[in-house]
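Report on the structure given below.
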Amino acid sequence: MKRKRSLLLIVMVFCLTFAFLVSNSISQQKPIIAKSCSLPGCHTAKPNELYGNLKTVSAKAEMIQIDTGALWTVKFDENTKLKNWNQPINKIPKEKEITITYVEKNGELYATLINVKPPVVVDPAKVIKVSEMKKIFDDKKGLIIDCRPPGRYHEGHIPGSINIWYAEFDKHIDKLPQDKNELIVYYCQGPT
Amino acid sequence: MTPSSARRAEALGYTNVKQFVDGIPEWKKQGYPVASTPKYLKDLIEKDIPHVLIDVRPAEKAKQEHIPGAVNIPLADLEKAKNLFPKQKNAPILIYCDLDKLSQQAFDIVRKWGYINTSYVVGGLNAWKQTGGQVVSDQFKKQIVYVPKPKPGTIGEEEFKKIVGKPPKNVFILDVRDPEETQMGMLKGAKNIPVNELKDRLGEIPKDKEIIIHCATGMRAEMAYNILKEAGYNTKFLDANIQIRKDGKYKIIKE
């Protein structure tokens, strides 16, 4: 009986240690998906994929760095495929949203595919140009909403607009007009 | 973010949702009014980020109570003050008054001179005080001084030249170009580790020195900077084109 109990104790200690090690190694992992993108219905992270903003790229060094909330350095070569991009790889602008599909070799990451986020398709009937925006501003019509993060709004916004960051849309539904037919105009930092 | 926000609003039943997709950059380009908040101004002051702050109220009134660090140029004198403004057209220029009336007019004048990052502080002095901003009296700066800071992690050209001319003991110069490129010449005392080998060769870089990184254009140097920074090094990089001759003499070309 006594032996059985001590065996049980050993097993328990082992399990706890193991659980601790596993949880510890997971908590040390870097994010694979940028926070601004981990919104419900926006993107989901897949294994062997990094989703974030381009930080640096060098064709000479055949390396690319992506910011997912943490820094990842990934190597590439002539076999790396490019999607939604027909210029040289080092012409991808900084901060552009990209997805890197990679394989791991000897502790280093190699990109098999770099997918550049294409411009979002919008219905032209719903798009307004700057002249029309100015008219709405001058006429003080409707509700103008800046949907960028607060820091950007503080730095400079269209006077009279309110700030509802897209990532916090749900929290501020009460700020939208009562009348569902009221004009709402959204703007941000331009097409990305 | 605009199309996604619009879609969400439409899903809630809003029928008249428009998207100004060109957004703030296009709005600013046209020279249309831009408002900033007292919070932004507070950030700039607290974080010591270079900016220009103009109080456009009449001198007598303004000196009684104003925001620290401001320069007083009454609206009536503004047109004549053009040459007091910085040469950098991207300098953040913030204008305030009491009720935004004067500052909105001043915005148009300053913006017309080409200062793309001009804004008026919405709500003026009152809003500033409500955000907990300090006020002082009669302590205006005598003139506009704007000295931009190099971007984080970069080393200024002058400092780089000084270090390379006579490398201090606590500095390690790291050249992250390919070995072939270094055949044309290297800086005196520099060590070459190509950026794509850097992660495996961190052991060759001393932890107790400041690491000054360069490549040929600044791009790979920035990459190496990111890697070393993450590994806990004290480091800076040269964000410029540099050509190095066989004798170690070099030329920096800033864009």
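The values are calculated or read from the model by the stated rules, or taken from the named source; none is laboratory data. Note that this is a predicted model, so its numbers are computed, not measured. Backbone-built Cβ (ideal geometry, glycine too); neighbour counts: all protein chains shown.
Assorted remarks:
- Restricting A:Lys75, A:Lys129, A:Lys141 to residues that are within 11 Å of chain B (Cβ to nearest Cβ), among the basic types (Lys, Arg) and touching a residue at least 40 places away in the same chain (Cβ under 8 Å) narrows the list to A:Lys141.
- Considering residues of the range A:67-81 that are of a type in the set (A, V, I, L, M) and either assigned to a loop (DSSP other than H, G, I, E, B) or at pLDDT below 95 (or both) only, the residue farthest from B:Val195 (Cα to Cα): A:Ala70
- Matching residues, the range B:205-244, being among the charged types (D, E, K, R), over 23 Å from the mean Cα position of the chain (by Cα) and more than 14 Å from B:Phe160 (Cβ to Cβ): B:Lys207, B:Asp208, B:Lys209
- Qualifying positions in the range B:150-181 - assigned to a loop (DSSP other than H, G, I, E, B) and more than 15 Å from B:Phe237 (Cβ to Cβ): B:Lys166, B:Pro167, B:Pro168, B:Lys169, B:Asn170, B:Asp178
- Scope the range A:45-84; condition more than 25 Å from B:Lys229 (Cβ to Cβ), out of contact with any Pro (no Cβ under 9 Å at 6 or more places or on another chain) and not acidic (Asp, Glu); matching residues: A:Lys46, A:Pro47, A:Asn48, A:Asn79, A:Thr80, A:Lys81, A:Leu82
- Matching residues, the range B:192-237, being more than 14 Å from every other protein chain (Cβ to nearest Cβ) and either surrounded by 20 or more Cβ atoms within 10 Å (Cβ to Cβ) or free of Cβ contacts under 8 Å to residues at least 12 places away in the same chain (or both): B:Gly203, B:Ile211, B:Ile212, B:Lys236
- The one condition in (1) within 30 Å of B:Thr131 (Cα to Cα); (2) surrounded by fewer than 20 Cβ atoms within 10 Å (Cβ to Cβ); (3) modelled with pLDDT under 95 that B:Thr2 fails to fulfil: (2)
- Pairs with Cβ under 6 Å, 6+ apart, first in the range B:91-109 and surrounded by fewer than 21 Cβ atoms within 10 Å (Cβ to Cβ), second not in a helix (DSSP H, G or I): B:Ala91/B:Val52; B:Ala91/B:Tyr146; B:Gln104/B:Tyr120
- Subset of the range B:1-34 (residues that are closer than 29 Å to B:Asp98 by Cα, at the interface with chain A (Cβ under 7 Å from one of its Cβ atoms), of a type outside the set (S, T, N, Q) and more than 19 Å from the chain's Cα centre (by Cα)): B:Gly23, B:Glu26, B:Trp27, B:Tyr32, B:Pro33
- With respect to (1) basic (Lys, Arg); (2) within 28 Å of B:Gln130 (Cα to Cα); (3) at pLDDT 95 or above, the lone exception for B:Lys47 is condition (3).
- If you go through the range B:35-55 and keep only what is more than 7 Å from chain A (Cβ to nearest Cβ) and under 21 Å from A:Glu168 (Cβ atoms), you end up with just B:Asp43.
- Residues in the range A:144-153 that are basic (Lys, Arg) and at the interface with chain B (Cβ under 7 Å from one of its Cβ atoms): A:Arg148 only.
Yes/no per residue for (1) in the same structural domain as B:Asp98 (by TED's automatic domain parsing); (2) small (Gly, Ala, Ser):
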{"site": "B:Ser137", "(1), (2)": "yes, yes"}
{"site": "B:Lys141", "(1), (2)": "yes, no"}
{"site": "B:Val145", "(1), (2)": "yes, no"}
{"site": "B:Leu174", "(1), (2)": "no, no"}
{"site": "B:Pro179", "(1), (2)": "no, no"}
{"site": "B:Met184", "(1), (2)": "no, no"}
{"site": "B:Gly189", "(1), (2)": "no, yes"}
{"site": "B:Pro194", "(1), (2)": "no, no"}
{"site": "B:Gly203", "(1), (2)": "no, yes"}
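Every residue, every condition in (1) in contact with a strand residue (DSSP E or B) (Cβ under 8 Å, 6 or more places away or on another chain); (2) farther than 30 Å from B:Leu187 by Cβ, yes or no:
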{"residue": "B:Pro58", "(1), (2)": "no, yes"}
{"residue": "B:Phe85", "(1), (2)": "yes, yes"}
{"residue": "B:Tyr96", "(1), (2)": "yes, yes"}
{"residue": "B:Val110", "(1), (2)": "yes, yes"}
{"residue": "B:Lys149", "(1), (2)": "no, no"}
{"residue": "B:Thr154", "(1), (2)": "yes, no"}
{"residue": "B:Glu159", "(1), (2)": "no, no"}
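- Hey, B:Ile95 within 14 Å of another protein chain (Cβ to nearest Cβ), of a type outside the set (Gly, Ala, Ser) and assigned to a helix (DSSP H, G or I) or not: no
- One residue from B:Leu41, B:Leu78 being assigned to a helix (DSSP H, G or I) and crowded, with 21+ Cβ neighbours inside 10 Å: B:Leu41
- Looking only at residues in the range A:101-152 that are within 30 Å of A:Asn79 (Cβ to Cβ) and of a type in the set (Lys, Arg), the one that is surrounded by the fewest Cβ atoms within 10 Å (Cβ to Cβ) is A:Lys105.
- Hey, A:Asp174 exposed (fewer than 14 other Cβ atoms within 10 Å of the Cβ) and either at pLDDT 95 or above or of a type in the set (Asp, Glu) (or both) or not: yes
- Looking only at residues of the range B:206-255 that are in a loop (DSSP other than H, G, I, E, B) and in contact with a Leu (Cβ under 7 Å, 6 or more places away or on another chain), we find that the one that is nearest to B:Lys169 (Cα to Cα) is B:Gly248.
- Candidate set from the range B:44-60 (those that are part of a helix (DSSP H, G or I) and touching a residue at least 24 places away in the same chain (Cβ under 8 Å)); member that is surrounded by the most Cβ atoms within 10 Å (Cβ to Cβ): B:Leu44
- Filter result (basic (Lys, Arg) and within 7 Å of chain B (Cβ to nearest Cβ)) within the range A:154-192: A:Lys180
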